[in-house]
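Each remark here refers to the structure printed beneath this line.
The numbers here are math on the coordinates, done by the rules we state, and not lab data. Because the structure is predicted, anything quoted here is derived from the model rather than measured. Cβ placement follows ideal geometry from the backbone for every residue including glycine, while neighbour counts extend to all protein chains displayed.
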Amino acid sequence: MSALPLSSAVYRDATPMLQEVMAQWGGQEDLWVFGYASLIWRPDFEFTERRPARVYGWHRALKMWSTINRGTPQCPGLVFGILSGGSCQGMVFRIPREQGPSVMQQLWQREMPNAVYDPRWLPCQTAQGPVRALAFTLSRQSPHHTGELAPEEYRRIFAQARGIYGTTRDYARATFEELMRMGINDRALERLLGYDDHCGTMAAAAANAPAIGVQAERPRPQRQA
């Protein structure tokens, strides 16, 4: 059974990382954020536009240990990161530049409590043209990267892991269902959910349901649940 090597984890201060990202953005134009997991179905910030998007050179993976949001130090859960290689379909959100600093603070509180992610500005391809968006990536060198996990390890995590935002199982399932609603079939995630009887049944039903598809939307300033 794999275990999170907490003793080898290197403390990183998220504050200078936020300051660096803010400086790179500059605040002179609207802020774009790329969502590939829970940000798609629970952004928790106001936006004026969202578009389906694809990032090349990175792929979605449920391979990041979570000891706060979806697990605890005693029973770590999993959250998504994007790892180098392949491509990833998701959603980009446009935030007015006046709201950019406050949204950045919100994102840091939510996504960077342990400063595990490496924030990057990535080119995102959309039907309306490319945009440069902030994305939260994961290094394979991070002690929070799980490496390869056995099916029984995923079963145990789905059955036991819970953090301040709920269970790993519900998080993974909600992401899969929203991706399917968008017309995106993440077969790797579907395979992982199939390791859990409850999740596997739900994933099969979602995979067989007709996709609605999501078009670019604007304006949409209200808070999304």
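For the reader, a short list of remarks on this structure follows.
- A cut-off under 15 angstrom between Cβ atoms defines the neighbours of Leu83, and their net charge, with Lys, Arg +1 and Asp, Glu -1, is +1.
- Taking amide H positions as modeled 1.01 Å from N, with prolines and chain starts lacking one, the residues under 5 Å from Gly71 and 5 or more places away or on another chain are Gly77, Gly163, Ile164.
- The Cα atoms of segment 34-128 give a gyration tensor whose axes a ≥ b ≥ c have a/c of 1.5 or more with a/b no greater than b/c, which makes the shape oblate.
- Summing Lys and Arg as +1 and Asp and Glu as -1 over all other residues whose Cβ lies under 12 Å from the Cβ of Val55 gives a net charge of +4.
- DSSP assigns beta bridges within segment 1-158; of those with both partners inside it, close to 95 percent run antiparallel.
- Theoretical gain in end-to-end length, Gln109 to Ala150 [0.36 nm per residue, Cα-Cα removed]: 11.6 nm
- Calculated on alpha-carbon atoms, Rg and Dmax of segment 15-58 in Å: 12.4, 30
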